[in-house]
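The values are calculated or read from the model by the stated rules, or taken from the named source; none is laboratory data. Owing to the predicted nature of the structure, the values given are computational and were not obtained by experimental measurement. Neighbour counts run over all protein chains shown; Cβ positions are idealised from the backbone, glycine included.
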Amino acid sequence: MRNGIAKGKQSLGFAEAPYLLSAGTIVGQKESQGPLGKLFDERGQDKNNLFGKTTWEEAESEMQKRACLRAVEKSGIPKDKIRYLFGGDLLRQGTATAMGIESLQIPMFGLFGACSTSGEALALASMTVAGGYADYALAVTSSHFGSAEKEFRFPLGYASQRPLSAQWTVTGSGAFVIGCEKSKVRLSGVTVGKIVDYGLKDSQNMGGCMAPAACDTILTNRKDFGQDLEAYDQIVTGDLGYIGSTILLELLKKNGVDIEDRHMDCGKTIFDQQTQDTHAGGSGCGCAAVTLGSYVVPKICKGEWKKVLFVPTGALMSTVSFNEGESIPGIAHGIVLEHAG
């Protein structure tokens, strides 16, 4: 019997929904000093965010490993019962993930969805468990300020000045165990995003590049599931930041939809704009993942939020595409999370 129920062109519901059993989060020093600082499982105290390693890339791999082990430990599921791992990061060929989870020896699917990777991983892990291909699956992603700046923008040693539209890549990793056992959080549906390109070419304005994709996925979720967005207590975008969030709300209003009273953005939540120099807010794969695991999921567990649409967003660029003058398309994946009592 098929468990998946197709909804419209891009969405999927489940006759028997899988559950989010646990989350593990680890962040760097700057993130630990932000508004959510006390909520993370592990907080780095080294200003260079090396986590005992010698390079930023090694440090990011270490974060992924620790986040995965913490999530598995909190779930109470033996590691050898985890059938598949879905993971990705921002580095070339997914090296942070490959090196980070090697010691876990869990069969892996490497993913790239830029900063939307947490949503992509959760969607695939949920579909895998719901389809009966695994009793338990692990979803993980990460980002690191140092490694991301070195790969995508300017080496930190150059001390280049960042424009006000730029966002601060979060140093952090979030991991989630998805399973068939009942918990307090049910993953009841997914809306798989499609690539949306408005022709923007400014890599220092990621929020503007990603906002159209977030708008498209939110509107598609409403259409595919045939429900008003008021059904959600919160619609949580990943890392649009202050500029991208403003653009998203304007785009939705042009389509006759107003979510301002129930919208939250992880990039606006993880840092304090008044006291922390992050310009337009947070970004990076780790931004949405650690905010979901440390702040959003606990609220759903407690029943404070009964139903949440989680929409992490990604800017699909590389140093090659940017240097060749290509535009920066965006993508966003929607995950429906419900309180399961």
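One line per residue, one yes/no per condition, for (1) assigned by TED's automatic domain parsing to the domain that holds A214; (2) in a loop (DSSP other than H, G, I, E, B); (3) among the acidic types (D, E):
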{"residue": "A59", "(1), (2), (3)": "no, no, no"}
{"residue": "E62", "(1), (2), (3)": "no, no, yes"}
{"residue": "K65", "(1), (2), (3)": "no, no, no"}
{"residue": "L90", "(1), (2), (3)": "no, yes, no"}
{"residue": "T97", "(1), (2), (3)": "no, no, no"}
{"residue": "S103", "(1), (2), (3)": "no, no, no"}
{"residue": "G110", "(1), (2), (3)": "no, no, no"}
{"residue": "S116", "(1), (2), (3)": "no, no, no"}
{"residue": "A121", "(1), (2), (3)": "no, no, no"}
Self-check item: the range 168-183 - residue that is in contact with a Gly (Cβ under 7 Å, 6 or more places away or on another chain) and not hydrophobic (A, V, I, L, M, F, W, C) and, of those, farthest from M108 (Cα to Cα)
Solution: T169
Quiz item: Out of (1) at pLDDT 95 or above; (2) out of contact with any Gly (no Cβ under 8 Å at 6 or more places or on another chain), what's the single condition that is false for T55?
Solution: (1)
Quiz item: T237: touching an Asp or Glu at 6+ places or on another chain (Cβ under 6 Å), at pLDDT 95 or above and either under 20 Å from H339 (Cα atoms) or in the same structural domain as I195 (by TED's automatic domain parsing) (or both), yes or no?
Solution: yes
Exercise. All but one of (1) out of contact with any Asp or Glu (no Cβ under 8 Å at 6 or more places or on another chain); (2) at pLDDT below 95 hold for T319, so report the exception by its number.
Key: (1)
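Limited to the range 199-236, what total is found for residues that are in contact with a Ser or Thr (Cβ under 9 Å, 6 or more places away or on another chain) and either free of Cβ contacts under 8 Å to residues at least 24 places away in the same chain or assigned to a helix (DSSP H, G or I) (or both)? Don't jump to the end; show me each part of the working.
Here is the first cut: in the range 199-236, the ones in contact with a Ser or Thr (Cβ under 9 Å, 6 or more places away or on another chain) are 199-202, 204-211, 213-214, 217-218, 220-221, 223-225, 236.
Imposing the further condition that a residue be either free of Cβ contacts under 8 Å to residues at least 24 places away in the same chain or assigned to a helix (DSSP H, G or I) (or both) reduces the set to 206-211, 213-214, 217-218, 220-221, 223-225.
Qualifying residue count, the range 199-236: 15.
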Exercise. Being under 15 Å from I270 (Cβ atoms) and in contact (Cβ under 8 Å) with a residue 12 or more places away in the chain narrows it down to one of G24, G34, so name that one.
Key: G34
Exercise. Hey, could you check the range 249-275 for residues that are within 20 Å of S147 (Cβ to Cβ) and part of a loop (DSSP other than H, G, I, E, B) and say which is nearest to the chain's Cα centre (by Cα)?
Key: I270
Quiz item: Restricted to the range 191-206, and to residues that are under 20 Å from the mean Cα position of the chain (by Cα) and hydroxyl-bearing (S, T, Y), which residue is modelled with the lowest pLDDT?
Solution: S203
